[in-house]
Structure formats: structure tokens, C-alpha cells
Amino acid sequence: MKAVKAVIMAGGQGSRLRPLTCDLPKPMVPMANRPMMEYIIELLGKHGMEDIAVTTWYLPEVIEEHFGDGAAFGCSLHYFVEDRPLGTAGSVKNAAAFLDGTFLVISGDALTDFDLAKAIAYHREKQALATLVLTRVSSPLEYGVVFINEAGKVERFLEKPSWGEVFSDTVNTGIYILEPEILAMIPEETQFDFSRDLFPMLLQSGRGLYGYVSEGYWSDIGNIEQYVQSHWDLLMKKAKASLPGRKQAASEQDMWLDEGVFIHPDATLEGPVVLGKHCRVERGATIGPYVVLGENTIVGQHSSIRHSILWPNVHVGASAEIKGAVICQQATVKSKARVFQGAVIGQGSVLGMSSTVRPRVKIWPNKQVDRLATVSADVVWTGSCARSLFGNGGITGLANLELSPEFSARIGASLGALHNPSQTVLVAADGWGAARMVKRALTAGLLSSGVDVVDIGSTTLPVTGFTSVLTNCVGAVYVRQGQKIPDEVEIRILDGQGFPLGRSQERALDNYFDRGDFRRVPGSVVGKTQFVAGANQAYLKALSEQYRGMPSHMQASTVVIGYTAPSLKFLLPNVLADVGCKIIDLGFDQQPGATPNLAMYEREVYLGLIADEVIAKEAAFGVLVDGSGELAILVDNNGEPLAADLYWPLLTWAVAVSAKDFGDTMAVPVTASHAVDEVAAKFQMPIVRTQNNARAVLQATGGLHVAGRDGELLHPAFDALAFTITILGLVGRTGRDLAELVAALPPKGRRQLDVVVPWQGKGKVMHHVLASTKDEQRDLIDGIKVYHEQGWALVLPDGEAPLVSVYTEASTYDEADGLAQMYSDQIDEAQLM
């Protein structure tokens, strides 16, 4: 008996599945990490149908590129592309030349495990011209209802009836077994359907139209709810089909893991789950039950994913939460974002940090949801909102996603356009693999513009600035792991004085980047790269020279230190040893999986360990240094970590009693505690307040100085090592331990509130606050700082998030909180106006 051929109808757009099908034909939509059509080809192969026609119309190239000639799937595929939609029967007619015997028609976007051999046998037994494969459903309203008599002949059918029209629970599955004679009844190049046109014609003529009721699983996946349910049916084995990956035999729960999957030992998986090739589930993440992760998908630390389907190349940031959602390929769910039941996130869309997508919301492809935004309605037309490359801390983005090599090279070329050919820019990184990758890509962009590069390897940001000034470079680039989000990379760009770029320079770089207006020099004059060793040693020598006059009784002090960045292993212990301290290094850099930057939960753990050691060894204090060498978190001799608002008053005190000349005035940011003023007043030291950024403070102070060059000094404001030694000197010169120094500072209550304000609403809010405080004493250095009898309040728009921050300070916390609430209410009122 001649083998039965098959026709897979694969031309549908799948409009009811949008946004899943905005960029994919419906048969290519992934079902448990395999295109739907793969399951159909597998089913046909099990029943001996290996010669298959595929009819296509919508995005046919996507199907052909994946399946090719079918050899990799154990079959032979022949494609028939429609120039315009021809309907279900019309599309099969288009393949008439291929069909020379009994053939089976099946949709490429359904999921079923029917025994097709039994259906074919039934068709032949009845000597039918056409046999409809039917199944029984509990609610037939969305299907074509078919009534057959005892002989199996179709007597009546009705497309998508109301309940009053329901006369049977047997419905048409869209699977047909047909004889080639039927093709003559289908007109050429005309839109013609099986259910609407051909079968009523056969029924009216009384010719051989039969129905076969099949047992087994079937789903036509007509909408997103059915798409999700079909996944769970596969995972619960209601549908007999092979899932990709290897089932974990030792597990009591159903888990299918494909090759190259990484699961951190501290992650939790609850089956059933399917994890595609090269997925990564990071520390503390919770996956399952009922979760599918696509190939190359990354789930960040402490994130939670339940009852959700994630397509390939999705990135989920740390502490995100996804419940009952579908996330399409190459989408990004940033840290602390939340996506709820029934939501769908389209291909390439980005959910900003701490954003929320409400239940049943659909976001179309390539959309941008701002940080902290809440999305309550579908996002179809609104595109990404282009903002400056620069945020509060330079250029920041997810490693290898937002800050990819090609994006980073473009930044390098844009920076090169700011400088002349043959000028030199210094580059460095913190030692993290992704940071080094971005540094090299940036270097390529710089070289393409004819700018030379000096690469000093892995080090800290202060060493980078110091070395760039020392070597007369026109600027520097430092790349590090994200300070707030460990999956991010941060790029800090410095000018020739070692300052962060000013706003005019940032705008100029932004413009070059947006326009793609780069300088491309001939190959003979591209820039040269020089790798230079010894930067850390030169910096250490300068720092040791600067603090040579440390009080002698402090030289025997014990300091407990912690860090995770490789470069700090040389710098931090040596600088303390050079001033005579005894060091207890807790070796955090040797911990498995240690990275340069410290996530918040790691900080808390490490600070606790430092505090225990400080108390046990009666140390002078402890210090935890971040990977970039900017921030030092101090732990006093009683084991108490110091609050951040104490650092500027302590530094002011230390500079005031130091023999070093850091200038005639002390510069501090506008957010710094006014305890600074009270400390400075005791030493008749003038205070200058600046904008709330490092560049403004360094400019007002006199800059990032180089020891031994014109007799100038390194300033400790943004250098963790210099800050640590400066505080050590304060302890020695005053004869007080660190806890006593903190207790001697003027007591202040402080409060900070961040109020969500859309970008377009910030101007109105600031105008309202300015108008409402016109009779008050104010400073407008950066934001609006208003003085009250009990203290002060600063209203300051955030530069990289839809926020307006309120900083307040008073004699007590309750007074500071009252001020913060008052201005928070004003901001809310302004938004309602």
C-alpha cells in the first residue's frame, strides 16, 4: 500500500497569540523549547509519514531556515509559499503537484498525540473521500462542532456555535485525511476553506464525508491562555511528546535539563521544570513549579520564577519576581522588577529596575519600561524613550546585553572623537571578566579613531585617575562591575585632570554616539596600544609618601580588612603596612565565586564577620573596601558599622587636624550633613558646598593631586585607601578611638525619601516646590535646598531614574521625618495639578 503523504499548514499569522507572533509565524512559537511544528513533524514520523509538504505565507523564511530540507528531523520537506492567503483548502491546492495519493492535512500550530494510523485505517475502511479527525471537548463554543451518525458519516456541523446551537461535544481538530480527487473541487488561486467552503459542499452533495473521533490529547493553541495551558499539559504528561533535555532520573520531581545548564548549589528548583541549553540559574534563585527556561536564559541571584515561560536569551536580573507570565526572546527583566499573572513581554523589550507589570498586560516587542514604572495597560505603540548614555555613575548597563562589545566599541569611537589623533587615553578595569571584555571593546573603538591607548590592567578607580594625570593622558576610562546590580557593568570616563566628565563633555559624547559621527582614520594610522605595568606600585608609593607622618603610637594599631577585588590584595594591605599597622586580612577575595563588587547581602555578611574580628582582636577598627577602591565602609572598635552620613564630618575633622595642606577650604556636596559645618567651625575652616557629584567636589577642592608633582597631594574624598589612612590619622592625633570620635560628632537626624515622578513631570514638580518656598531661605546649588527652624530639606531630581529625592536633616529623626513627609506631600500635590 502506498505511503500516506502529509501536508502541514504553516501559513497562519497567529493574530490571537500576539505579541508572541509579532516576529514569528505561529508554527515557530516555542513550546517547551521546541517550535510547535517540531512536535507535529515528530508525530507524523511516528506514524510513517516522512514525505511532507509545508504550506506557508507569513514569514516563510523563518520556517525554512529552521527546518531546511527536513533531513535533520528525519523527513523530507517540500515548501509551497503563497503569494497571498489562499485559505486552508486553497493552500493545500497550491501543493497539488506533490499529492498523488491519500494524504493527511494537519495544522503546524497544534499540539496532539492522536494515533493517526488508526484514523487513516478508519478512512480506508469507510472508503471515504474526506475524513475529519474529531475529538470531544467540554466547552465547544470556540470550535467547529460536528455531528456524525452511527455509521460515522457527517450529518451536520457548525462553526463556533452559541450554547443554544450546541448539538454535540465532538469538534473538528483541523486534521483531515483526504483523497487526491478532492483537489479538483478546490478552485485555483482562490481563497477557499475546508470548513467554510469544501466540507459544506461535500455534505450537500452526499459524497463520502466521514468523522473519526480520536482518543488522546489535542490543543489548537488558539490564544495565550491555551498556549500556557498546553505547556503545563506537556509538563504534567497529559500530552505524550518528548521534551528536550535529559530527565533527571535521581530527582523525585520532573526536571528536564538540556546540555550546558548551570544551577548554583544555593538555587532552588521545584518540578516540573524544563531548562534549555546553557541556561544559568544563579545563587539564591527559585525556579518552579511549572517553569520553562529557554536556551541561554539567565536568572539572576535571588530571583523567583513560578508558573512562567521564558523564551531563549532572556535575562532576569537579581531579586526579580515573575509569576504566571510569558517572556519572549531577548527580553530583559531588570533587578527587582515584577511581572504578574497573564502578562506577556514581547521580544527585545526591557523592564526597568523595580518596575511592575500588572496581571494580563501585554507589552509588544522592543518596548522600554522605565525604572519604577507600573504598567497597567497594554503597551503597543509607545517605543523606547531615548535618554542620555550617562546616569549618576557614568554609563551603566547589563553586561553583554545592554553593554555588549559592539555597543562598547561605539562608545570608544565616540570618546575618540572628543580627542585628536595620536593623543593618549588611559584604560583600566576592576578585574571582573565582563569589565575586561568591555574595556577591550572600548579600546578597539578608541584605536579606530586614531587615539593611542595606555592599558594599565586591573586596578582601582583612584589609581586610574592618579596614573592618567601622572602620565599626561588626555583622559581615562575605568570599567567595573556594577555597584548596585552585580550583573551590570559601569563605565567611568575621566578628563585630563582625573575628574569625571562634565555635562558639556557628556553631551558631546552623547551626540557623537547618537549620530554615529565617528572619525575613521586610515589603517596605517590607527591608534597604538601600550600595556604598562607598575601603576599600582607608583600609586602606593605616592600614598605612602603622603602619610609618612602618621603618629607613632598608631603604627602598632590593628586594622581588620576585607575586600574581594584582586587589585586590592596588593594595595590595601601594603598601604596599611607602610604606615606601620598590624593587619588582619579576612581573605574574602578567596571565597568561591568572589567578584570585585559586593552585593548588598554580601556586604551585610562581610561586615558582620569584620565586626566579630574587630571585637575579638581588640582592633582599632575594621574596613570593607568596594571593588573600585572608592568606598570604604568602616566598622568602629565596638563592632558597629558607621552610617554613611558620618563620613563627611569625620573627614572634615581629619583634614582639619592634619598637617597636610588640602587647600584653604573644605568642599562637600550639598547633601552632606551640617555636622560638617559645626566641626569645621571649631577649626575656623571654611566650608564650600557643591553639586552632588564627584566632579564638583574635586573641582572645588583643587582636584585629584599627584604626590611629588608640584608638591601636591592625593585627596581622600573619593579614594577608599586615602580615606582609611586619613581616619587612622584622626584616631592617632586625637587620642580617641573611632567609637569615641563618632560619639563626639554633633547629633543629627536624617531622612531620605524617593518619590516616583515620571520624567515628563519633574519640571512641573520643581517649579511647584520653588514657588511654594519663595519666602524661605534657600540654596539652589543643586536642586532646591530649603532651611527651616528645625533643620533643612533638599529636593533633588534623580539623574537616571523617574524619581525626585527628598533629603532632610534636623536635630532629631522625628523632625527630619516630618520635613521629608511634608515635601513628599508637596511633590504628590504638584503631580495632581
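Computed across segment 228-338, the Kirkwood radius stands at 13.5 Å (inverse of mean 1/r, all Cα pairs). About its Cα centre, segment 205-268 has a charge dipole of approximately 360 debye under the convention of +1 per Lys or Arg Cβ and -1 per Asp or Glu Cβ, with nothing else charged. Rolling a 1.4 angstrom probe over the protein heavy atoms with all chains in place gives the chain an accessible area of 41 Å² per residue.
Relative contact order of segment 451-499: 35 percent, from C-alpha pairs under 8 Å at least 6 residues apart in sequence. Contact order for the chain, expressed relative to its length and based on alpha carbon pairs under 8 Å spaced 6+ residues apart, stands at 6 percent. In degrees, nearest 10, range 0 to 90: what is the angle between the Cα axis of helix 600-617 and the longest Cα principal axis of the chain? Compared with the principal axis, the helix lies near 40 degrees.
Computed over Cα pairs, the Kirkwood radius of segment 690-826 leads via Stokes-Einstein (0.890 mPa s, 25 °C) to a diffusion coefficient of 139 µm² per second. Rg and Dmax of segment 440-587, both derived from C-alpha coordinates alone, stand at 18.8, 62 Å.
By a 1.4 Å probe calculation restricted to protein chains, Thr726 has an accessible surface near 10 Å², given to the nearest 10. Accessible surface of the chain, 1.4 Å probe: 49 percent of it comes from carbon and sulfur atoms. By the rule of a C-alpha distance below 13 Å, with chain neighbours fewer than 8 residues away ignored, the aspartates and glutamates paired with Lys334 are Glu321, Asp370, Glu402, Asp487, Glu488. Think of it as helices only: each DSSP H run of n ≥ 4 in the chain is worth -39500 (n - 2.57), and spread over all residues that comes to -8500 deg cm²/dmol at 222 nm. Summing +1 for each Lys or Arg and -1 for each Asp or Glu among the other residues whose beta-carbon sits under 12 angstrom from that of Gly346 gives +1. When the Cα gyration tensor is reduced to axis lengths a ≥ b ≥ c, the ratio a/c is 1.5 or higher for segment 32-105, and with a/b not above b/c it is classed as oblate.
Taking the empirical scaling 2.2 N^0.38 Å for compact globular proteins as reference, segment 277-428 has a Cα radius of gyration ratio of 1.15. Taking the C-alpha atoms only, the angle from helix 762-772 to the longest principal axis of the chain is near 40 degrees. For segment 737-742, backbone phi angles converted through the Karplus equation (6.51, -1.76, 1.60; θ = phi - 60°) give residue-by-residue couplings of 6, 5, 4, 5, 4, 5 Hz, Gly and Pro being listed as x. Backbone amide hydrogens, once placed in the peptide plane, bring Gly324 within less than 5 Å of Arg306, His307, Ser308, excluding anything fewer than 5 places away on its chain. Other residues whose C-beta falls under 12 angstrom from the C-beta of Gly211 contribute a net charge of +2, scoring Lys and Arg +1 and Asp and Glu -1.
Arranged from highest to lowest average of other beta-carbon atoms within 10 Å per residue, in what order do the peptides 342-348, 566-572 appear? All intermediate terms of the calculation are to be shown ahead of the outcome.
Working: 342-348: 23.6, 566-572: 21.0.
For the peptides 342-348, 566-572, the packing ranking is 342-348, 566-572.
Helix 405-417 and the longest principal axis of the C-alpha atoms of the chain enclose an angle of approximately 50°.
Each residue of segment 225-235 was assigned a 3J(HN,Hα) from its phi angle through the Karplus curve 6.51 cos²θ - 1.76 cosθ + 1.60 (θ = phi - 60°); the sequence is 4, 5, 4, 5, 4, 5, 4, 5, 5, 5, 5 Hz, with glycine and proline shown as x. Taking Cβ atoms as reference points and 14 Å as the exclusive limit, the residues near Glu189 contribute a net charge of -1, counting Lys and Arg as +1 and Asp and Glu as -1. Amide hydrogen proximity for Ser107: with H placed 1.01 Å from N in the peptide plane, the residues at 5 or more positions away or on another chain lying under 5 Å are Met9. When only Cα pairs below 8 angstrom with a gap of at least 6 residues are kept, segment 466-571 shows a relative contact order of 17 percent.
Within the full protein context, the accessible area of Ser205 is estimated at about 70 Å² for a probe radius of 1.4 Å. Note that segment 482-499 has calculated 3J(HN,Hα) couplings of x, 6, 9, 10, x, 7, 9, 10, 10, 10, 9, 10, 10, 8, x, 8, x, 8 Hz, one per residue in order, obtained from phi through the Karplus relation 6.51 cos²θ - 1.76 cosθ + 1.60 (θ = phi - 60°); glycine and proline are x.
With a Cα cut-off of under 19 Å and a minimum spacing of 8 residues unless on different chains, the lysine pairs in segment 515-658 number 4. Among bridges DSSP assigns within the chain, what percent are antiparallel (round to 5)? That works out to approximately 40 percent antiparallel.
Could you sort Glu809, Glu42 by their accessible area in this structure, using a 1.4 Å probe and putting the largest first? Walk me through the intermediate numbers first.
Details: Glu809 5, Glu42 50 Å².
Highest to lowest solvent-accessible surface, that is Glu42, Glu809.
Taking a ≥ b ≥ c as the square roots of the Cα gyration tensor eigenvalues, segment 435-482 comes out oblate, since a/c reaches at least 1.5 and a/b does not exceed b/c.
In terms of accessible area, using a 1.4 Å probe and ignoring ligands and nucleic acids, Met49, Met255 rank largest first as Met255, Met49.
Can you pick out the pairs among Lys46/Lys118; Lys2/Lys46; Lys118/Lys247; Lys118/Lys240 whose Cα atoms lie more than 19 Å from each other?
Working: Lys46/Lys118 13 Å; Lys2/Lys46 17 Å; Lys118/Lys247 30 Å; Lys118/Lys240 16 Å.
Table pairs above 19 Å Cα-Cα are Lys118/Lys247.
Sorting the segments 415-425, 31-41 by their residues' average number of neighbouring beta-carbon atoms within 10 angstrom, most packed first, yields 31-41, 415-425.
Per the Debye formula on identical point scatterers at the alpha carbon atoms of the chain, with no solvent, log10 I(q)/I(0) at q = 0.08 Å⁻¹ is -0.82. Each label was represented as a point 7 Å from its Cα along the Cα-to-Cβ direction; for Val213 and Ala117 these points are 2.4 nm apart. Amide hydrogen proximity for Asp455: with H placed 1.01 Å from N in the peptide plane, the residues at 5 or more positions away or on another chain lying under 5 Å are Val427, Gln530, Phe531, Val532.
Were the residues from Lys569 through Gln684 laid out at 0.36 nm apart, the gain over their Cα-Cα distance would be 37.5 nm. May I ask you to list the aspartates and glutamates whose Cα is less than 16 Å away from that of Lys764, ignoring any residue fewer than eight positions away on the same chain? Correct list for Lys764: Asp798, Asp825, Asp828, Glu829.
The values are calculated or read from the model by the stated rules, or taken from the named source; none is laboratory data. Since the structure is predicted, the reported quantities are computational estimates derived from the model, not experimental observations. Cβ coordinates were reconstructed from backbone atoms using ideal geometry, including for glycine residues, and neighbour counts include every protein chain displayed. All accessible areas refer to the heavy atoms of the entire protein, side chains included, with ligands and DNA or RNA removed. Shrake-Rupley method; radii C 1.70, N 1.55, O 1.52, S 1.80 Å.
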